[in-house]
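Shown next, in structure tokens, is the structure this report addresses.
The values are calculated or read from the model by the stated rules, or taken from the named source; none is laboratory data. Quick caveat: nothing in here was measured; it's all calculated off a predicted structure. Here the Cβ positions follow ideal geometry from the backbone for every residue, glycine too, while neighbour counts run over all protein chains shown.
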Amino acid sequence: MLPLRNIRVIDLTTVAMGPLASQWLGDFGADVIKIEAPGGDSTRQTGPSTEVGMAAMFLSTNRNKRSVVLDLTQPDAREALAHLISGADVFMHNIRPQKLTKLGLEPEGLIEQNPRLVYAGLHGFGESGPYGGRPAYDDIIQGLSGCADLMWRQTGELQYFPTITADKTTALIAAMAILAALVGRATSGRGSIVEIPMFECMAGFNLVEHLYGRRFAPPRGDMGYPRVLSRHRRPFRTRDGYICMLPYTDAHWRAFFAEAGAVEHATDPRFVTMTARTTNVDKLYELVADLVAQHSSSYWLAACERIGVPASPVLSLDELIDDPHLDAVGFFSTLHDSEMGDLCMPGVPVLFDGERPPVAMPPRLGEHNREVLGECGIDEAEAESLAGASDPLGNTKAGV
């Protein structure tokens, strides 16, 4: 009995941002129907796989969905898509605006046919600005939104964050915005057009802390939050490894310096208050690094637990899979597939009434054509023709 169990989503997004956003909706119980071209989402080929068209990146962002293949170069396939949208609660896409008219997917027309529709466009840039309509991927948005500059400020080199942070962050915002629109519809009875641009989302994301002194007019300092930009902000080396540790409050710092046998620093004017510590954060972190290096990781983890300072070991990606906490809360699932064998699937991180939502197998290409199109009154032969004459992946379309 998940909260979105009566919501139907028609998902025409591809790659990472859109599919991850719709996966969240599927995780929360929505019936997400993934519309794919005959060649399938490109991520079906990204990463290792045991079956053509079911690669690792596709499996990461497409659980809890059904797949329908429609060859939208065909008028009948476009008509079938329009029929699906007319009965849906949400339609979402990441098609550049200039291509929507050709496909008959302009928001005004679809909402006229289905006034309760939440129409969500996931774009690189807001349509009203000079960048509107430009193509965008994670690397492009990281470069434009300040991510690469933040890495330069900290490391001296222009680099991207080693994660698809623009895709994943915008996906979360998109899911949240769509949910907000559904809540608004419950009050007004009418749907809405929701625009989710990656650039603006990531600019807002980075400026939460990094607008800093430029928030004021006139400015009261530079941009960039010094504490998180410090080149010394990293796991601390101990005598035999590394730990993560963050004394944060005044009481934390007094307790840490006492434990480290350096109580004189607790009254150092550079470190007494939050404001002073922020101003002198590089000196502070250098000092902490020297003190932490004098003892073992186990010493500091035990000491920090005793004095109430947040601390943890550093886990590798490999260790994350075997973490005892994640195991105890049942975070990972093993899906058994007759063709691909066992698959490790991270779980939905939130619980509803104490229960973790289930994880369903990501769909094979066109797996649900007969099922979904049959609900629209389309017979099997027509469903096959709407999917195109051939399958470039070389798959057997289980549902066609």
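Below are the figures for this structure:
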quantity: When residues of segment 257-274 are limited to those that are within 39 Å of the chain's Cα centre (by Cα) and surrounded by 14 or more Cβ atoms within 10 Å (Cβ to Cβ), the one nearest to residue 309 (Cα to Cα); calculated: 257
quantity: Scan of segment 96-136 for residues that are at pLDDT below 95 and either among the β-branched types (Val, Ile, Thr) or outside the structural domain of residue 74 (by TED's automatic domain parsing) (or both), ordered by number; calculated: 101
quantity: Qualifying positions in segment 239-256 - within 14 Å of residue 300 (Cβ to Cβ), outside any helix (DSSP H, G or I) and under 34 Å from the mean Cα position of the chain (by Cα); calculated: 241, 242, 243, 244, 245, 246, 247
quantity: Qualifying helices (runs of 4 or more DSSP H) (wholly inside segment 83-169; at least 1 residues being in contact (Cβ under 8 Å) with a residue 12 or more places away in the chain and surrounded by 17 or more Cβ atoms within 10 Å (Cβ to Cβ)); calculated: 107-113, 138-145, 147-155
quantity: Some residue of segment 289-312 being under 15 Å from residue 257 (Cβ atoms), within 34 Å of the chain's Cα centre (by Cα) and acidic (Asp, Glu); calculated: no
quantity: Residue within segment 233-241 that is surrounded by 13 or more Cβ atoms within 10 Å (Cβ to Cβ) and either among the polar types (S, T, N, Q) or closer than 30 Å to residue 133 by Cβ (or both) present; calculated: yes
quantity: Qualifying strands (runs of 3 or more DSSP E) (wholly inside segment 298-348; at least 1 residues being farther than 28 Å from residue 246 by Cα); calculated: 332-337, 341-346
quantity: Members of segment 10-44 that are acidic (Asp, Glu), surrounded by 22 or more Cβ atoms within 10 Å (Cβ to Cβ) and closer than 19 Å to residue 117 by Cα; calculated: 11
quantity: Residue match in segment 224-243 (condition: within 18 Å of residue 308 (Cβ to Cβ), in contact (Cβ under 8 Å) with a residue 24 or more places away in the chain and in contact with a Ser or Thr (Cβ under 9 Å, 6 or more places away or on another chain)); calculated: yes
quantity: Residue count, segment 45-69 (criterion: hydrophobic (A, V, I, L, M, F, W, C) and not in a helix (DSSP H, G or I)); calculated: 5
quantity: Residue list for segment 84-124, restricted to those being farther than 22 Å from residue 24 by Cα, in contact with a Lys or Arg (Cβ under 9 Å, 6 or more places away or on another chain) and not charged (D, E, K, R); calculated: 103, 104, 105, 111, 115
quantity: Subset of segment 180-195 that is touching a residue at least 60 places away in the same chain (Cβ under 8 Å) and either part of a helix (DSSP H, G or I) or among the β-branched types (Val, Ile, Thr) (or both) - its residue that is nearest to residue 4 (Cα to Cα); calculated: 182
quantity: Exclusive hit being surrounded by fewer than 14 Cβ atoms within 10 Å (Cβ to Cβ), touching a strand residue (DSSP E or B) at 6+ places or on another chain (Cβ under 9 Å) and of a type in the set (A, V, I, L, M, F, W, C), set 288, 314, 292, 309; calculated: 314
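For every residue, the table says whether it meets (1) under 29 Å from residue 181 (Cα atoms); (2) of a type in the set (Gly, Ala, Ser).
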{"residue": "13", "(1), (2)": "yes, no"}
{"residue": "24", "(1), (2)": "yes, no"}
{"residue": "30", "(1), (2)": "yes, yes"}
{"residue": "36", "(1), (2)": "yes, no"}
{"residue": "39", "(1), (2)": "no, yes"}
{"residue": "53", "(1), (2)": "no, yes"}
